[in-house]
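What follows is a single structure, written as structure tokens, with notes after it.
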Amino acid sequence: MASELMGSRPAEILLVEDNDNDVVLTREGFRLARFAANLHHVPDGEECLAFLRKEGRYAAAPTPDLVLLDLNMPKKDGAEVLADMVADERLRHLPVIVLTTSRADADVQKMYGLRCSSYIVKPVDFEKLVDAIKVIGRYWFTLVVLPRGGAGSGGR
């Protein structure tokens, strides 16, 4: 889906998730949704920022078109990561979807206050997760105009 819309390349998506089961389910969800994406994964907030800033072993990492950010993680949680991204001129343009199990109003308010692009509660049913991935793909790579250049847009 995304590759048709973005030209000749798949979407670059960074999944920031510390739960291995959720990583496996999300990867499988993308596969079943037939979503043309390179899904990169890091397990915590510190690794996320290193990936985004192309530090250390991530020196050759692509700039993601979209970041899927879990809220509750070790080392740096999702709110700390998003605050760091917004404060960094090189990263603040990146769209961030908070993908978490928390429905708490305080979490929703905090993440939107930090300028997340969307807040999605992870569906517990696998079929609903696949449906959510399809919707994310359609919305972010069909309707939305993403920034050129710094977002690894490939001329979009």
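Here, each number is a calculation from the coordinates, and none is a lab measurement. What you see is a predicted model, and the numbers here were worked out from it, not measured in a lab. Note that each Cβ is placed from the backbone with ideal geometry, even for glycine, and that neighbours are counted across all protein chains shown.
In terms of the mean number of neighbouring beta-carbon atoms within 10 Å, the peptides 16-27, 130-141 order highest first as 130-141, 16-27.
When each of the peptides 51-61, 33-43 is scored by the mean number of other C-beta atoms lying within 10 Å of its residues, the order from highest to lowest reads 33-43, 51-61. Residues whose amide H comes within less than 5 Å of that of His41, counting only those at least five positions distant or on another chain, are Leu15 (H built at 1.01 Å from N in the peptide plane). Annotation: extensible slack from Ser118 through Arg31 equals 29.1 nm (criterion: 0.36 nm per residue apart, minus Cα-Cα distance).
In this simple spin-label approximation, Asp88 and Asn38 carry label points 7 Å from Cα along the Cα→Cβ vector, and these lie 1.8 nm apart.
About its Cα centre, segment 1-150 has a charge dipole of approximately 540 debye under the convention of +1 per Lys or Arg Cβ and -1 per Asp or Glu Cβ, with nothing else charged.
Backbone geometry of segment 57-65 corresponds, through the Karplus equation with coefficients 6.51, -1.76 and 1.60 at θ = phi - 60°, to 3J(HN,Hα) couplings of 5, 9, 4, 9, 5, x, 7, x, 7 Hz, x marking Gly and Pro. Considering lysine pairs in the chain that are 8 or more places apart or on different chains, how many have Cα atoms under 26 Å apart? Lysine pairs satisfying the spacing and distance rule in the chain number 9. Cα-Cα pairs above 19 Å in the chain: how many percent? It works out to 51 percent of all Cα pairs.
Run the dipole for segment 50-134 about the Cα centre, Lys and Arg Cβ at +1, Asp and Glu Cβ at -1, nothing else charged, and hand back the magnitude in debye, nearest 20.
That gives a dipole near 200 debye.
Around the amide H of Lys76, modelled in the peptide plane, lie the amide H atoms of Gly45, Glu46, all under 5 Å away and 5 or more residues distant in sequence or on another chain. In this structure, Gln109 and Glu46 have a Cβ-Cβ separation that, at R0 = 22 Å, corresponds to a calculated FRET efficiency of about 0.30.
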